[in-house]
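*Asks:* After the structure tokens below, expect a handful of questions from me.
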Amino acid sequence: AAKGGGKDRIVRFEAGLRTAADRQRELATGLRRALHEGELDVHYQPVVRLADGRITAVEALLRWFPPGADAIAPGVFIPVAEATGFIVPLGWWVLERACAQARPWYERDGISLTVNVAAHQLREADFVERVRAALAAAGLPATALVLEVTESTLVADAESTARLDTLRADGVRVAIDDFGTGYSSLAYLVHLPVDVLKIDRTFLATAVDTTLMRAILQLAGGLSLQTVAEGVETEEQATTLRALGCEHAQGFLFSRPVPPADLDALLRSGRLELGAARIH
Ligand code: C2E
Ligand code: MG
Ligand code: MG
Ligand code: MG
């Protein structure tokens, strides 16, 4: 009986594995279809200046709305796109679309656009040319664009780093996304082509970890890097961050990521200060 039970467990375990692999394949196929059938959209989340709550930038975030089903989270489909390499065409689609949509926001209100770039995309030989082409097609100056990359993406590959440096000479800025979750050594930061640190929200998970936050902000100040705290959800967090000298913040306290039409309506209404009453 014991042996039979073991076998049964193994069968169920294998069925579970097959299901997970099938699910990945379904997602990969579905994502290709989604791109061609128009199921994807780009939403935008404001980044605000903590001094006055003014929107200074928006982050482009990919969204997938399969017809007749619930939205699929980027945390689910982005890893699949990265594993299959489909993140490359997907990334270009986001960048080109976001540059076009962000142009009036930049022209009217001086709002920058920040776009996530995956390691795969950065390894493309024509990366620099395609970013320049996306900017030119949208009529957006290089100074309006911030490219977000993770620590591991930068540390891993010297050619990618050189590509980013070329774009920085044009005026494009580079942000390290989810800072503090990757490499634990801070020393390498000095050598990387970086303009902005986006401090991961794990530092805010409970209360703002003031000791760590202070150290990161001090380091950023010493290197003349701009700082953005990610995932700010409470007034208390915003107030503490401001007191510690963090310049910018992004999070549900100010706004969730919203469809382009909603952001456009917000900006047209002139309500550029999202958190003035919330930060002390
Ligand atoms: P990320 O680049 O770090 O983006 C910030 C994520 O934090 C977004 O999740 C955003 O909705 C979420 N967020 C913002 N404020 C708060 C808050 O106050 N509380 C909490 N709990 N979460 C907050 P989202 O949109 O689900 O995206 C997840 C990740 O997927 C992104 O993390 C990014 O790594 C990736 N991603 C999204 N769009 C793209 C894209 O176009 N290209 C690439 N390569 N990656 C993307
Ligand atoms: Mg990001
Ligand atoms: Mg982030
Ligand atoms: Mg993050």
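The values are calculated or read from the model by the stated rules, or taken from the named source; none is laboratory data. Everything numeric here is computed off the predicted structure, so don't read it as measured data. Glycine gets a Cβ as well: all are built from the backbone with ideal geometry, and neighbour counts include every protein chain shown. Accessible surface is based on the protein model in full, side chains and every heavy atom, while ligands, DNA and RNA are left aside. Shrake-Rupley method; radii C 1.70, N 1.55, O 1.52, S 1.80 Å.
*Asks:* Only one residue in Val80, Val94, Val76, Val58 is in contact (Cβ under 8 Å) with a residue 40 or more places away in the chain and out of contact with any helix residue (DSSP H, G or I) (no Cβ under 8 Å at 6 or more places or on another chain). Which one? Explain how you work it out, then say what you get.
*Replies:* On the way: Val80 fails: out of contact with any helix residue (DSSP H, G or I) (no Cβ under 8 Å at 6 or more places or on another chain); Val76 fails: out of contact with any helix residue (DSSP H, G or I) (no Cβ under 8 Å at 6 or more places or on another chain); Val58 fails: out of contact with any helix residue (DSSP H, G or I) (no Cβ under 8 Å at 6 or more places or on another chain).
Going through Val80, Val94, Val76, Val58 in turn, just one is in contact (Cβ under 8 Å) with a residue 40 or more places away in the chain and out of contact with any helix residue (DSSP H, G or I) (no Cβ under 8 Å at 6 or more places or on another chain): Val94.
*Asks:* Which one of the conditions (1) under 23 Å from Leu192 (Cα atoms); (2) buried (at least 20 other Cβ atoms within 10 Å of the Cβ); (3) of a type outside the set (D, E, K, R); (4) away from ligand 3 (no atom under 16 Å from the Cβ) does Ala238 fail to meet, given that it meets all the rest?
*Replies:* (1)
*Asks:* Between Ala60, Ala100, which is on the phi < 0 side of the Ramachandran plot, at pLDDT 95 or above and out of contact with any strand residue (DSSP E or B) (no Cβ under 9 Å at 6 or more places or on another chain)?
*Replies:* Numbers: Ala60 fails: out of contact with any strand residue (DSSP E or B) (no Cβ under 9 Å at 6 or more places or on another chain).
Being on the phi < 0 side of the Ramachandran plot, at pLDDT 95 or above and out of contact with any strand residue (DSSP E or B) (no Cβ under 9 Å at 6 or more places or on another chain) holds for just one of Ala60, Ala100, which is Ala100.
*Asks:* Right, next: Please find, among Ala83, Ala71, the residue that is more than 26 Å from Val131 (Cβ to Cβ), more than 16 Å from ligand 2 (Cβ to nearest atom) and not basic (Lys, Arg).
*Replies:* Just one listed residue meets the conditions, Ala71.
*Asks:* Taking the options Thr211, Thr202, name whichever one is within 16 Å of ligand 3 (Cβ to nearest atom) and open to solvent by 70 Å² or more (accessible area, probe 1.4 Å).
*Replies:* None of the others qualify; the one that does is Thr202.
*Asks:* Being surrounded by 14 or more Cβ atoms within 10 Å (Cβ to Cβ), outside any loop (DSSP other than H, G, I, E, B) and over 22 Å from the mean Cα position of the chain (by Cα) is the filter here, so list the residues in the range 244-272 that pass it.
*Replies:* Within the range 244-272, just Leu244 meets the criteria.
*Asks:* When the residues of the range 102-114 are narrowed to those that are within 15 Å of Val228 (Cα to Cα) and buried (at least 24 other Cβ atoms within 10 Å of the Cβ), which ends up nearest to ligand 3 (Cβ to nearest atom)?
*Replies:* Filtering first and then ranking leaves Thr114.
Per-residue answers, yes or no, for (1) touching an Asp or Glu at 6+ places or on another chain (Cβ under 9 Å); (2) within 12 Å of ligand 1 (Cβ to nearest atom); (3) among the charged types (D, E, K, R):
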site	(1), (2), (3)
Ala98	no, yes, no
Ala102	no, no, no
Asn116	yes, yes, no
Val128	yes, no, no
Arg132	yes, no, yes
Val155	no, no, no
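*Asks:* Select from the range 194-238 the residues that are part of a strand (DSSP E or B) and small (Gly, Ala, Ser) and list them in ascending order.
*Replies:* Within the range 194-238, Ala229 is the sole residue that qualifies.
*Asks:* If you don't mind, another one. Which of the helices (runs of 4 or more DSSP H) contained wholly in the range 29-148 include at least 3 residues that are among the acidic types (Asp, Glu)?
*Replies:* The helices (runs of 4 or more DSSP H) meeting that bar are 87-109.
*Asks:* Next up: If you take the residues of the range 243-266 that are within 16 Å of ligand 1 (Cβ to nearest atom) and among the charged types (D, E, K, R), which of them is nearest to Thr114 (Cα to Cα)?
*Replies:* Result: Arg256.
*Asks:* If you don't mind, there's one more thing I want to ask. Looking only at the range 153-178, which residues are touching a Lys or Arg at 6+ places or on another chain (Cβ under 8 Å) and not in a helix (DSSP H, G or I)?
*Replies:* Asp157, Val174, Ala175, Ile176, Asp177, Asp178
*Asks:* I'd like the full set of residues that are surrounded by fewer than 19 Cβ atoms within 10 Å (Cβ to Cβ) and within 16 Å of ligand 2 (Cβ to nearest atom), limited to the range 44-60.
*Replies:* Across the range 44-60, the qualifying residue is only Thr56.
*Asks:* I'm checking my understanding of the structure. Among residues of the range 146-179 that are touching a Gly at 6+ places or on another chain (Cβ under 9 Å) and surrounded by fewer than 19 Cβ atoms within 10 Å (Cβ to Cβ), which one is farthest from Ala118 (Cα to Cα)?
*Replies:* Top of the filtered list is Val155.
*Asks:* Just to be sure I understand, how many residues within the range 133-145 are surrounded by 16 or more Cβ atoms within 10 Å (Cβ to Cβ) and farther than 21 Å from Val47 by Cβ? Before you say what the answer is, go through the steps one by one.
*Replies:* Narrowing the range 133-145 to residues surrounded by 16 or more Cβ atoms within 10 Å (Cβ to Cβ): 134-135, 138, 140, 142, 144-145.
Then drop every residue that is not farther than 21 Å from Val47 by Cβ, which leaves none.
Going through the range 133-145 one residue at a time, the tally reaches 0.
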